[in-house]
Amino acid sequence: MRQIVIFGTGEIAELADFYFTHDSAFEVVGFTVDQAFLKTETFLGRPVVAFEDVAATFPPDRFALFVALSYAQLNSVRAAKVAAARTLGYSLASYVSSRATVFPGFAPADNCFILEDNTIQPFASVGANVTLWSGNHIGHHSVIDDDVFMASHVVVSGGVRIGQGCFIGVNATLRDHVTIGKQCVIGAGALVLEDQPDFAVVAPRGTERSRVPSTRLRSI
C-alpha cells in the first residue's frame with residue numbers, strides 16, 4: 001500500500017481522503033497546505049504540515065502526493081500546486097473509482113480524480129490533473145487535456161477535444177467532434193454544437209422564476 005499526503009484541508013481534501021481510504025491501494029498519512037493557510041496541526045486525525053516543509057516531514061522518495069483543490073481561477077491554482085509538487089520530486093497519485101467504467105488501455109495521468117459512475121469509452125484519453133466529478137460520459141476518441149475540471153452528468157460525445165484548463169458545468173452536452181479551446185467555461189446545462197475558441201464562455205441563462213408564489217399553486 002503506497003502512502004500519500006494530500007494537499008488541502010477543505011471539502012475536496014476531505015472527499016479525497018474518503019475515496020483514497022475506502023476505495024484505493026493508497027493510505028493517506030497526512031495533509032499539507034501553504035504556511036499562510038496553516039491553521040491547525042491535525043485534520044481528520046492526521047498531521048498537517050506546511051507545504052514549505054513537507055519534503056522534510058514526508059520525503060518524496062517515500063511518499064506520493066495528491067493535490068485536492070477546486071477549479072479556482074480556471075484550475076490554475078491547482079495546476080500551480082501540482083507543478084510545485086513535481087519540482088520537489090513528488091510523484092502525483094491519481095484516484096479512479098472502482099465504480100467508474102473504463103476499458104483496457106485506459107491509464108490515468110498524474111493527479112486525476114475520477115469519481116463514481118463516470119463512463120470513459122475506448123480510445124478516449126484523459127490528461128494530467130483532471131477532475132471528473134460523478135456521472136459523466138466521455139465518448140470514444142475524445143481527448144481531455146490537462147488541468148480540466150468537469151462537474152457531474154456532462155455528456156461528451158465521440159471525438160471531442162477539451163482544451164487545457166477548461167471548466168465544464170453540470171449537465172452540459174458537447175456534440176461529437178467539437179473542439180473546445182483552452183481555459184473555456186462551459187456553463188451548467190449548456191448545449192455546445194460548434195467549436196469554441198480559447199477563453200470562450202458558454203453560459204445559458206437559468207430558468208426564469210415565476211411571478212406566482214408557491215402558495216397560489218393549486219395543482220400541486
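The values are calculated or read from the model by the stated rules, or taken from the named source; none is laboratory data. Please read these numbers as outputs of a predicted model, since none were measured by experiment. Note: ideal-geometry Cβ built from the backbone for every residue, glycine included; neighbour counts use all protein chains shown.
Within region 150-166, being touching a residue at least 24 places away in the same chain (Cβ under 8 Å) and at positive phi holds for one residue alone: GLY165. Summed over region 164-220, residues that are assigned to a loop (DSSP other than H, G, I, E, B) and modelled with pLDDT of 95 or more total 26. Might you let me know whether region 81-100 holds any residue that is among the β-branched types (Val, Ile, Thr) and part of a helix (DSSP H, G or I)? Checked against the condition, which is being among the β-branched types (Val, Ile, Thr) and part of a helix (DSSP H, G or I), region 81-100 yields at least one hit. LEU74 meets each of the listed conditions (1) in the same structural domain as CYS166 (by TED's automatic domain parsing); (2) within 12 Å of the chain's Cα centre (by Cα) apart from (1). Within region 130-163, the set of residues being assigned to a strand (DSSP E or B) and buried (at least 21 other Cβ atoms within 10 Å of the Cβ) comprises THR131, LEU132, ILE138, ILE144, PHE149, MET150, VAL156, ILE162. Mind telling me which of the residues GLU14, GLU41 ends up being among the charged types (D, E, K, R), within 20 Å of ASN111 (Cα to Cα) and outside the structural domain of ASN111 (by TED's automatic domain parsing)? One residue alone meets the criteria, GLU14.
Taking region 163-184, which residues are among the aliphatic types (A, V, I, L, M) and farther than 15 Å from ASP146 by Cα?
Within region 163-184, VAL170, ALA172, LEU174, VAL178 meet the criteria.
Condition first: under 30 Å from THR57 (Cβ atoms), in contact (Cβ under 8 Å) with a residue 24 or more places away in the chain and either in contact with a strand residue (DSSP E or B) (Cβ under 6 Å, 6 or more places away or on another chain) or surrounded by 17 or more Cβ atoms within 10 Å (Cβ to Cβ) (or both). Now tell me which residues in region 86-126 satisfy that. Listed by number, the residues that qualify are TYR90, SER91, LEU92, ALA93, SER94, TYR95, SER97, ASP110, ASN111, PHE113, LEU115.
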